[in-house]
Amino acid sequence: MLRHFWLNIYLILIKYSRLTTMNLNKTTLLAIFCSGVLITGCQSGKQETAAVKAIDTTNMDRVIKPGDDFFRYANGNWIKNHPVPDQYADYGAFVQLAEENREQLKSLVQEAAGANGAKGTVTQQIGDFYKSGMDSLAIEKAGVEPLKTDFEKISKLGNGAELAAYYADLHKRGTYPVFAAFQMPDARQSEMVVLNLYQGGLGLPEVEYYLDPSVQMAEIRNEYQKFIRTMLTLSGMEQTAAEKAASDVMSLETSLAKVSMGIEERRDPIATYNMKSIDELKKLAPNFDWSAYFSAMGLAKLDKVNVMMPNFFAGFSKLLTEVPAATWQNYFRYTLMIHNSSYLTDAIQKADFDFYNSYLSGQKEMKPRWKRVLSTVSGGLGEAIGKLYVEKYFPADAKARMVELTNNLKKSLASSIQNLTWMSEETKKAALAKLEAMRVKVGYPDKWIDYSKLDIAANSYIENAWNASRFSTELEMGKVGKPVDKEEWVMTPQTVNAGYVPPMNEIIFPAAILQPPFFYKDADDAVNYGAIGVVIGHEMTHGFDDQGRKYDAKGNLVDWWTPADADKFVEKTQILVNQFNEYPILDSLRVNGKLTLGENIADNGGLNLSLRAFKATLKGDEKEIDGFTPMQRFFLSYAQVWRESIRDKKLMRDIKEDEHSPAEARVNRALFNINEFYDAFDIKSDAKLYIQPEQRASIW
Ligand SMILES: [Zn+2]
């Protein structure tokens, strides 16, 4: 995946919070492999995304030498002129495009809301879902009333069958205490869909937030405990009781953190493949009533499940009996509040914002209601809105041009594999077969999800969100144990991102990314190869990154490497680990080279592949534009895609939580491994970012 839009997918995975009604199963599938996704939200409407010029030289800071800081050479003036707006934690080309998109989606949704369509039609569903979210008076009036039945149930919960059935009830409504269950292709039998159990239950963003003894983390834990107390108070609990309960919930989450798998290991598809029969699962985690849970999820006949983090589930089972029922009850009450905060009162949404967006990420102001509601509706009715979106905004010729570019990039990677000096013929053959089999999805699905059975009404936002989540869960659970439907899409067309799905060996480019600044229908080739071309190459390379390479042409975890070639691959990629480990962020921090390796390999590969494909189009008579050669424009186009202003707090979080390197490093490290880049800008060995030729990374 290209970029980590943290608000949705990533957090869904880590803590399943603020899920809105995103389709957990699909998003999780992508998130696991690419980490990443969705739309932070937005700000000042039509800015320069629809931009006039493909490469805007006024964005540059030409006082800076290209070899000293190419990121600021290409984007320095843009950064100076674009401090992060109050509604954001970071701001750049992705957010600008997402904002443009949001305006388009808003007009579609408002049109639907005005149409008063007949019950069960897509127009009615979109319109009423949106109206119910915008009806702040009704939401304020309801208060926590919609959760009252849950609170009563929770107050009587023990840990028997009724607990397991209640988990299923919550999961279906998009609340994920402790763990999540989702479908995806079986990584050792990729034609078939299997159920996966994934760890969760943490309200803080990562395991180390609970366990790291540093002063900074201790302070965050302190603030977090206050936040738990605030949420419990807002749920109607009395102050003193909430104080005690917050402390208990914090201890419970810390115990869960201690048995959780860390972020680096979670990237490893072999470590997270632990297929178990239901009997084996019951032995591993005997204190949870799995039969009652699966049966309530509509999976009574399930015979096996992939337990992605076995230690976690064993630990969870122990905690079920060790931790008093009263603590578990408070934990459920709190989880219910934070996972549903977006549908509740302003005070609840504000408390959630104050901790997660403001305290942890530095965002100053909440996004307006319409943006928050739009994001929920666009998640819950993803493909219904996607269909309207592509009909109105996605030109057919964009798809054709994109398919052509992708084919050129495939050829570029094929010839690159054939010419590799470090790889044996045997491994090359398997790599070429994998590339040949890689499926490409562009724009939108050929067949759309039918939402006609989803019940949406104008009178209750939270009920609509729950219904959308129930609908999606039923759809997803219905696929378990059946053959994989290869026509399915794991991203909606209106998503500004791109992805590679290893067990399907496919790359996806949703319609929304096929716009400036990634894709200009009418710009010179240098611009498109530098932007969308690198994006395509990046996603293709994910099939051959440190984790993607473990899957074969069919998307199975089958080792197709000779041991000697695998060793050479590790040795070559270690260069990237070391380079990024040394890249300074905010003076004292460093990028985590191991965590970001997959993405850094993909950037390195993407640049090389697209550059080769671009060079093949050059005839030698191309003219300079704005004083820049085609080669210079290729690199500038790449760097301008990554223009970004970011708050310090957000940057610190990303270093711990994001598999992608910060934008600055994606420019200032990635480009300095490319020989042609040095020639294009005449960069010599005295430049600050210069890397000796023999120390440059080149894998694919
Ligand atoms: Zn990626």
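The values are calculated or read from the model by the stated rules, or taken from the named source; none is laboratory data. Just so it is clear, the model here is predicted, and its values are computed rather than measured. As a convention, Cβ positions derive from the backbone with ideal geometry for all residues, glycine included, and neighbour counts pool all protein chains shown. Each accessible area value is taken on the protein alone, full model and side chains, heavy atoms only, with ligands, DNA and RNA left out. Shrake-Rupley method; radii C 1.70, N 1.55, O 1.52, S 1.80 Å.
Brief remarks on what is shown
- When DSSP beta bridges are restricted to pairs lying wholly in the chain, around 75% turn out antiparallel.
- Region 276-298 and region 103-161 have their alpha-carbon centroids 32 Å apart.
- A protection proxy built from the mean count of other Cβ atoms within 10 Å ranks the segments 56-62, 503-509, 604-610, most packed first, as 604-610, 503-509, 56-62.
- Computed lengthening from D450 to Y690, 0.36 nm per intervening residue step minus Cα-Cα distance: 81.0 nm
- Efficiency of FRET between D682 and A566 - r from beta-carbon atoms, R0 41 angstrom, step 0.05: 0.60
- Take every pair of alpha-carbon atoms less than 8 Å apart whose residues are at least six positions apart; their mean separation over the length of the chain yields a relative contact order of 22 percent.
- Each residue was assigned an accessible area with a 1.4 Å probe, and for I64 the value is about 40 Å².
- Where chymotrypsin sites (Phe, Trp or Tyr not before Pro) fall in DSSP loop in region 348-416, at most 15 other Cβ within 10 Å: none
- Paired Rg and Dmax values of region 452-586, which use every Cα atom, in angstrom: 20.5, 64
- Label zone at E425 (point 7 Å along Cα-to-Cβ), backbone N below 17 Å, region 532-564: 562
- Cleavage-rule hits (trypsin sites (Lys or Arg not before Pro)) in region 535-620: DSSP loop, at most 12 neighbouring Cβ within 10 angstrom: K619
- Inter-site label distance for D648 and K392 at 7 Å from Cα along Cβ, in nm: 4.2 nm
- All-pairs alpha carbon distance profile, region 571-700, 5 Å steps from 0, percent: 2, 10, 19, 22, 20, 14, 8, 4, 2, 0
- A straight line joining the Cα centroids of region 387-417 and region 181-235 runs 36 Å.
- Gained length - K53 relative to D559, 0.36 nm times residue gap less alpha-carbon distance: 177.5 nm
- Distance between region 495-543 and region 242-275 - C-alpha centres, whole angstrom: 34 Å
- The label-point distance for T254 and E365, in a model that sets each label 7 Å from Cα toward Cβ, rounds to 3.9 nm.
- Mean ellipticity per residue at 222 nm, deg cm²/dmol - from DSSP H runs of n ≥ 4 across the chain, formula -39500 (n - 2.57): -15500 deg cm²/dmol
- Value of relative contact order over region 660-699, rounded to a whole percent, pairs C-alpha under 8 Å and six or more apart: 40 percent
- Placing R0 at 35 angstrom, the Cβ-Cβ distance between E191 and N311 gives a FRET efficiency of 0.75 after rounding to 0.05.
- Residues in region 379-394 that a label on E463 would reach, taking backbone N under 20 Å of a point 7 Å out along Cα→Cβ: 380-381
- Applying 0.36 nm per residue to the separation of D212 and L432 and subtracting their alpha-carbon distance, the gain on full extension is 74.8 nm.
- Computed over protein heavy atoms with a 1.4 Å probe, the carbon and sulfur contribution to the accessible area of the chain reaches 51%.
- Of K283/K453; K276/K486; K387/K619; K482/K550, pairs whose Cα-Cα distance is over 29 Å: K283/K453; K387/K619
- Placing unit charges on the Cβ atoms only, positive for Lys and Arg and negative for Asp and Glu, gives the chain a dipole magnitude near 720 debye about its Cα centre.
- Charge dipole magnitude, Cβ of K and R +1, D and E -1 - region 123-280, Cα centre, debye nearest 20: 260 debye
- Relative contact order [Cα under 8 Å, 6+ residues apart], region 249-405, whole percent: 21 percent
- Taking 7 Å steps out from each Cα toward its Cβ at E111 and N81 produces label points 3.2 nm apart.
- Here K619 and E243 are evaluated by their C-beta separation; at R0 = 56 Å the FRET efficiency comes out at 0.15.
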